[in-house]
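Asks: My structure is below; once you've seen it, I'll send some questions.
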Amino acid sequence: MDVIDTLQARGFVKSYTDLEALRSELSSGSTPFYVGFDPTGSSLHVGHLLPVMAMAHMQRAGHRPIVVLGGGTAMVGDPSGKDKTREILTPKRIQSNLVSMREQFGRFLDLDGAEVVDNAEWLLGLGYIDFLRDVGRHFSVNKMMSAEGIKQRLDRNQGLSFIEFNYHLLQSYDFLVLHDRYGCSLQMGGDDQWFNILGGVELIRRERQQAAHALTHPLLQTADGKKMGKTEKGAVWLDPSLCSPYDYFQYWVNVHDDDVGRFLRLYTFMPIDAIAELEALEGAAIRDAKAVLAFEATKLAHGESEASKARDAAKAAFSGGISVDMPSAGVVFPIGILDALVASGLCSSKGDARRQIQQGAVRTGARRDEQVTQTDATVSEETVLWRGKKNCVRLVSE
């Protein structure tokens with residue numbers, strides 16, 4: 001099975017230019033390819049992992065990944081898939097985010113066999129008039145206006161700033177620079193980037209009279225219609241200070257039954273035949289497949305030791321035990337139940353905490369022994385605090 005077959009079998013392929021020509025090029029030797037990531041946050045999240053995992057499969061097949069951290073393009077903001085202008089980040093914040101994100105790629109890719117570059121290196125020094133003359137002349141405003149993301153913004157009268165309108169040119173130029181510097185002939189990314197990636201393919205054809213390739217991955221939603229990597233608490237981050245290994249494990253173990261096989265193919269390196277066996281499980285046995293998914297995904301993101309701790313803590317929590325590896329929150333006892341729910345992170349506000357109590361979702365004790373019915377209740381000693389059946393935090397003395 002060649003790498004294109006692997007990507008297709010695992011569900012990574014959505015749109016492409018000339019798949020057979022790309023397959024031929026990849027089979028002829030090591031091919032440099034790239035994916036771009038704008039540092040709009042201090043951490044990667046689960047939504048970023050689809051292209052990262054695809055890069056890892058490509059690298060394992062002998063091809064050379066180029067991770068482009070968009071220190072330059074982040075100062076503009078990609079309008080793709082957004083209904084309003086992105087926040088314009090300061091250079092200081094962008095650099096801080098770049099440092100944080102760079103290390104996370106090393107958990108999935110062999111960075112000794114990859115390039116990690118910042119497009120600020122070539123974008124920030126561009127002469128505007130020269131750029132318009134040499135690059136902008138190749139782009140049709142009519143064609144750019146027809147791009148799905150831009151068209152949606154305009155159709156909804158949500159507007160599009162001039163700085164955002166330039167993003168397409170900048171990303172296209174990235175591809176040309178990487179083509180010239182590294183021989184990069186393939187750009188990969190989410191399917192919302194299809195128009196931007198094609199811009200680079202066309203720019204290389206016009207400027208260098210050479211072929212380049214585009215391949216995109218599907219934009220995922222969970223089986224129950226939610227955006228991939230989103231929870232009630234927000235995004236599922238790879239940074240353990242933003243999402244603990246235990247919470248990361250819990251995200252995967254709680255996915256919809258219909259998503260288990262798909263996510264095993266996309267977010268683990270398990271062989272396809274082993275995944276097929278897990279995917280065939282039914283009824284209560286599906287929990288076993290989810291446990292495998294959660295362990296393998298957490299192992300990739302946080303290491304085997306943390307994955308084992310998360311697994312053991314989850315077993316303890318749901319069998320009525322207490323583990324030191326369960327998520328915990330330090331508080332000063334006695335503490336009001338509303339304050340405890342907020343301090344633990346189980347609720348976003350006192351109003352949210354009050355609603356959860358009124359809906360019968362809050363309990364205390366290792367075995368969820370006691371339901372909390374009063375919003376003015378007080379917690380006087382260390383215990384396990386629950387919101388629903390799956391979210392728990394140990395309250396410990398600060």
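The values are calculated or read from the model by the stated rules, or taken from the named source; none is laboratory data. Here the structure is a predicted model, which is why all the values come from computation and not from measurement. In this analysis, Cβ positions are derived from the backbone assuming ideal geometry, glycine residues included, and neighbour counts consider all displayed protein chains.
Asks: Does Ser397 fit the bill of being touching a residue at least 40 places away in the same chain (Cβ under 8 Å), surrounded by fewer than 18 Cβ atoms within 10 Å (Cβ to Cβ), farther than 25 Å from Leu264 by Cα and of a type outside the set (Asp, Glu)?
Replies: yes
Asks: Something else about it: Which residue, of Leu238, Leu198, is under 20 Å from Ala54 (Cα atoms), of a type in the set (A, V, I, L, M, F, W, C) and surrounded by fewer than 23 Cβ atoms within 10 Å (Cβ to Cβ)?
Replies: Answer to the check: Leu198.
Asks: Select from the stretch 1-53 the residues that are among the aromatic types (Phe, Trp, Tyr) and either outside the structural domain of Gly190 (by TED's automatic domain parsing) or within 25 Å of Ala74 (Cα to Cα) (or both) and list them in ascending order.
Replies: Hits for the stretch 1-53 are Phe33, Tyr34, Phe37.
Asks: When you scan the stretch 288-398 for strands (runs of 3 or more DSSP E) that lie fully inside it, which ones turn up with 1 or more residues that are under 24 Å from the mean Cα position of the chain (by Cα)?
Replies: Of the strands (runs of 3 or more DSSP E) lying wholly inside the stretch 288-398, those with at least 1 residues that are under 24 Å from the mean Cα position of the chain (by Cα) span 391-397.
Asks: Just the residues that are assigned to a helix (DSSP H, G or I) and at pLDDT below 85, please, taken from the stretch 74-103.
Replies: Selection gives Met75, Pro91.
Asks: Moving to a separate point now. Taking the stretch 212-227 only, how many residues are over 26 Å from Gly199 (Cα atoms) and modelled with pLDDT of 95 or more?
Replies: Number satisfying all stated conditions: 0.
Asks: Continuing with this model, one more query. Restricting the search to the stretch 201-217, which residues are part of a helix (DSSP H, G or I) and surrounded by 15 or more Cβ atoms within 10 Å (Cβ to Cβ)?
Replies: Val201, Glu202, Leu203, Ile204, Glu207 - these are the residues of the stretch 201-217 that are part of a helix (DSSP H, G or I) and surrounded by 15 or more Cβ atoms within 10 Å (Cβ to Cβ).
Asks: Can I ask one more? For the stretch 217-248, what are the residues that are polar (S, T, N, Q) and within 17 Å of Lys299 (Cα to Cα)?
Replies: Listed by number, the residues that qualify are Ser241, Ser244.
Asks: May I pose another question? Looking at the stretch 222-235, is at least one residue among the aliphatic types (A, V, I, L, M), out of contact with any His (no Cβ under 7 Å at 6 or more places or on another chain) and within 20 Å of Ala307 (Cβ to Cβ)?
Replies: no
Asks: All but one of (1) touching a strand residue (DSSP E or B) at 6+ places or on another chain (Cβ under 9 Å); (2) among the hydrophobic types (A, V, I, L, M, F, W, C); (3) surrounded by fewer than 21 Cβ atoms within 10 Å (Cβ to Cβ) hold for Ala61; state the number of the condition that does not hold.
Replies: Ala61 satisfies every listed condition except (1).
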